[in-house]
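First comes the structure, then the notes that go with it.
Here, each number is a calculation from the coordinates, and none is a lab measurement. Please read these numbers as outputs of a predicted model, since none were measured by experiment. Glycine gets a Cβ as well: all are built from the backbone with ideal geometry, and neighbour counts include every protein chain shown.
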Amino acid sequence: MALIEVVQGDITRQDVDAIVNAANESLMGGGGVDGAIHRAAGRRLAEAGAAIGPCRRGDAMATPAFDLDPPVTHVIHTVGPAWRGGEHGEAEVLASCYRRCLEVADELGVRTIAIPAISTGVYGFPAERAARIAVATVRSSPTAVERIRLIAFDRGTHDLLTAALAE
Ligand code: APR
């Protein structure tokens, strides 16, 4: 059973085996956490993403972490749902992101992983619902990952994830 923790901070500064990127289908970078990770990992990340992309929404694909500080060895890119009101399967696609990231982490032998609040920025997924889906999905996904760090970039997200974890 993985230990699940909520940490407020910058995902590019986490001391873990792998970090998850909330990407777009191209895997060639963007804004938000995608931009931060590409800036920290260097331009080879976009080249590696272009080589394996596109990534379908709800799926996850791994690349090396390049210039990210050790011990991060992999970036697991996932593409979350863009919020369209909640009647278009957004919740299922978001859950799939968390599940697939853990499956890819298991394929890589990752033991510690940091995951951002997927889809709650540019993609507009309501943060409280997303927090509950994140916690419920990582709790219910069988995985060999030992430590799952849910990263909140702001206090509000931190408090929502913490409340979801306490339920
Ligand atoms: N570390 C951790 N979390 C971060 C960081 C960071 N450095 N920067 C932003 N975040 C948080 C945001 O505050 C938000 O809570 O990541 C969460 C996800 O927001 P976005 O990065 O906007 O991602 P998302 O909503 O999934 O939208 C993805 O945006 O940047 C583009 O290319 C990306 O098209 C894709 C879309």
Percent relative contact order for the stretch 77-167, counting Cα pairs under 8 Å at least six residues apart, stands at 33
Calculated from DSSP helices alone, with each H run of at least 4 adding -39500 (n - 2.57) and the total divided by the residues of the chain, [θ]222 nm to the nearest 500 comes to -12000 deg cm²/dmol
Note on the chain: contact order normalised by length, alpha-carbon pairs under 8 Å, 6 or more apart, percent, works out to 31
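Write down the percent of antiparallel bridges among all DSSP beta bridges whose residues are both part of the chain, to the nearest 5.
Roughly 25 percent of the beta bridges in the chain run antiparallel, per DSSP.
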Of the DSSP H helices in the chain, the ones reaching 20 Å or more along their long axis in Cα terms and averaging at least 0.0 in Kyte-Doolittle hydropathy are 90-108
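Any chance you could run the full-extension gain for GLU47 through ALA166? It's 0.36 nm times the residue separation minus the Cα-Cα distance, nm to one decimal.
Details: separation 119, 0.36 × 119 = 42.84 nm, distance 4.02 nm.
In short, 38.8 nm is gained.
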With +1 at each Lys and Arg Cβ and -1 at each Asp and Glu Cβ, the charge dipole magnitude of the chain around its Cα centre, to the nearest 20 debye, comes out at 120
Mean projected area, convex hull of alpha-carbon positions in the chain, reported to one decimal in nm², is 8.2
About its Cα centre, the stretch 1-84 carries a charge dipole, from +1 on Lys and Arg Cβ atoms and -1 on Asp and Glu Cβ atoms, whose size in debye to the nearest 20 is 320
